[in-house]
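No lab work stands behind these numbers, since they all come straight from the coordinates. All values derive from a computational prediction rather than experimental measurement. A quick note on method: Cβ atoms are made from the backbone with ideal geometry, for glycine too, and the neighbour counts reach across all protein chains shown.
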Amino acid sequence: MSLKILPYVHIETFGCQMNESDSELVRSMLKQQGFVFTEDRERADVVLVNTCAIRENAHNKIYAHLSELKAVKKQRPLVVGVLGCMAQNLKSDLADKEPIIDVLAGPDSYRQLPSLLTTALEAQEQGLARKRFALDLSEYETYEGILPDRDSGVNAWITVMRGCDNFCSFCVVPYTRGRERSRDPESILLEARDAAARGFRQMTLLGQNVNSYRHGEWDFAKLISAVADQPGIKRVRFTSPHPKDFPPALIEAIATHPRICKHIHLPLQSGSDRILELMGRTYTGTEYLALVDRIRHVVPDVVLTTDIICGFCSESEDDFQATARLVEQAQLDSAYIFKYSERKNTIAARKYIDDVPEQVKGQRVSQLVELQRTITAARNRRYIGKDIEILIEGDATRSSTQAMGKTDGNVTVVWEKSTGHFEPGTLTTKHIFDASAATLYGK
């Protein structure tokens with residue numbers, strides 16, 4: 001590095017777990033080149049914003065954040081870099097409308113960041129305005145050979161594959177993260193062992209559609225079982241699969257391996273067959289329910305969660321009621337429910353009209369949230385009176401006198417620290433005496 005001083009970097013991450021994982025890769029690559037990281041934005045010479053492009057709310061947060069950085073940049077020298085899906089999908093808008101941005105880098109271009117930032121910092125020293133962009137998608141980049149720089153904690157995110165080939169009509173991921181490619185299993189196992197050696201006790205394997213993982217003779221069921229077999233690891237989770245091709249071998253692995261968590265996040269998106277077809281989801285509501293039944297038959301105590309979009313293009317009241325009926329039938333443990341927001345460059349943006357009024361979208365979200373809250377509360381009450389094993393994570397959100405952890409099924413449990421054992425990363429057993437739609441209460 002040819003700079004006069006070592007630059008301090010502050011990174012802020014928005015969006016999904018994949019972005020969290022990517023930020024850890026970015027930290028690792030930049031630290032290897034002499035960059036120093038700081039949690040204090042006011043001290044930073046470089047601020048990197050790792051962005052999400054999934055929903056409008058994420059876009060609005062990031063634009064507001066860039067406005068804050070614009071004010072900072074008027075007061076002192078600062079290099080601003082925008083990374084991730086929003087950089088990839090809205091490159092022209094960001095380059096033209098946000099002059100404070102010095103560096104744009106998409107998810108497949110992070111190996112170029114050290115040189116991009118060095119060039120931007122050198123230009124700033126010389127009083128020049130010199131933007132640097134790296135936005136090419138790759139068919140091969142999986143960041144092999146780079147061990148993430150992780151903060152301390154209980155859970156380690158491990159990206160096992162990148163990209164997506166499904167092209168759901170509402171989704172921007174294939175355009176921001178490219179086509180599917182799977183990592184070498186040996187590098188994944190090496191990363192898992194490294195994380196375990198650093199004190200992480202839970203591994204969460206990430207992919208846009210983990211069902212599609214393939215590397216030679218390895219499929220995802222073989223991979224997750226191998227990760228769960230590594231010493232020092234107490235739990236292994238994964239996200240997300242696709243309902244269209246959920247492999248029986250993976251259901252069997254979840255049922256039989258003691259360290260693979262009995263929790264499956266199974267995105268539904270809609271209960272209307274007409275809307276599912278418009279979304280390009282390639283399954284029907286009946287097929288989704290059959291998969292739920294099949295999973296529960298093999299793994300009776302499984303916890304099933306989902307994603308649902310309300311107000312997709314042309315969604316009628318009948319379509320919405322079909323979703324509500326399916327939610328009632330499926331009796332899933334919880335759901336993330338969102339309003340549809342059109343994403344630039346998606347199939348839906350090109351082919352369909354976003355014609356459901358925002359007020360109607362909001363009403364449907366509220367109705368579905370209330371329905372699911374009732375179902376979740378009832379399902380959580382089945383734990384009352386039982387002794388449940390919990391992986392301790394740390395202090396409870398609402399009180400430092402309480403500890404919190406997660407069940408095998410990823411349900412939050414809180415208890416008073418005064419009742420005994422409290423060490424993050426360890427397993428403990430608590431007797432559940434009460435439950436709400438959000439939390440189990442133990443002692």
- Using the Kirkwood radius over Cα pairs, work out the Stokes-Einstein diffusion coefficient for the range 154-260 at 25 °C and 0.890 mPa s, in µm²/s as a whole number. 174 µm²/s
- Note on the structure: HN-Hα couplings for the range 392-403 via Karplus (6.51, -1.76, 1.60; θ = phi - 60°), in whole Hz with x for Gly/Pro, come out as 6, 10, x, 5, 5, 5, 8, 7, 6, 7, 10, 9
- Message: Once you place label points 7 Å from the Cα toward the Cβ at Ser366 and Arg382, how far apart are they in nm?
- Response: 3.1 nm
- Item | Along each principal axis, Cα extent of the range 386-442, largest first, Å | 22, 21, 18
- Query: In whole Å, what are the Cα extents of the range 60-165 along the three principal axes, biggest one first?
  - Reply: 41, 32, 30
- For Lys97, counting only aspartates and glutamates whose alpha-carbon sits under 18 Å away and dropping same-chain residues fewer than eight positions off, the answer is Glu56, Glu68
- Item | Proximal lysines to Lys91, defined as alpha-carbon separation beneath 28 angstrom and excluding residues fewer than eight positions away on the same chain | Lys31, Lys61, Lys70, Lys73, Lys74, Lys131, Lys339, Lys344, Lys351
- Query: Just from the alpha-carbon atoms, what are the Rg and Dmax of the range 227-278 in angstroms?
  - Reply: 14.4, 47
- Query: Across 5 Å bins from 0, what is the distribution of all Cα-Cα pair distances for the range 8-134, in whole percents?
  - Reply: 2, 11, 23, 27, 22, 11, 3, 0
- Query: Give me the log10 of I(q) over I(0) for the range 192-351 at q = 0.15, 0.16, 0.18, 0.19 Å⁻¹, as the Debye formula computes it from C-alpha points; what are the numbers?
  - Reply: -0.86, -0.94, -1.10, -1.18
- Give the long-range amide H neighbours of Cys164: residues separated by 5 or more places, or on another chain, with amide H under 5 Å away, using H modelled in the peptide plane at 1.01 Å from N. Gly178, Arg179, Glu180
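How would you rank Arg214, Arg398, Arg27, going from fewest to most other Cβ atoms within 10 Å of each one's own Cβ?
Arg398, Arg214, Arg27
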- Task: Based on other C-beta atoms within 10 Å, arrange Asp333, Asp355 from fewest to most.
- Result: Asp355, Asp333
- Task: Averaging over all projection directions, find the projected area of the Cα convex hull of the chain and quote it in nm² with one decimal place.
- Result: 21.7 nm²
- On a C-alpha basis, how far is the centre of the range 127-142 from the centre of the range 365-443 in Å? Whole number, if you could? 44 Å
- Length gained when the stretch Ser28-Ser399 is fully extended (0.36 nm per residue, less Cα-Cα span): 130.2 nm
- Which distance in Å, rounded to a whole number, links the C-alpha centroids of the range 91-122 and the range 207-229? 33 Å
- Task: Rank these for me by crowding, His215, His297, going from fewest to most other beta carbons within 10 Å.
- Result: His297, His215
- Enumerate the amide H contacts of Phe238 below 5 Å, restricted to partners 5 or more residues apart or on another chain; note that Pro and chain-start residues carry no placed amide H. Leu205
- Item | Per-residue HN-Hα couplings for the range 112-117 [Karplus 6.51, -1.76, 1.60; θ = phi - 60°; Hz; x = Gly/Pro] | 7, 4, x, 6, 4, 6
- In a solvent-free Debye calculation with one equal scatterer on each Cα, what is log10 I(q)/I(0) for the range 283-426 at q = 0.12 Å⁻¹, listed in the order of the q values? -0.68
- Item | Mean-position separation - Cα centroids, the range 45-74 and the range 269-299, in angstrom | 36 Å
- Item | Other-chain or far-sequence residues with amide H under 5 Å of Phe37's (modelled H) | Val9
- Query: List the cysteines of the chain that have no other Cys Cβ closer than 4.7 Å: which are they?
  - Reply: Cys16, Cys52, Cys85, Cys164, Cys261, Cys310, Cys313
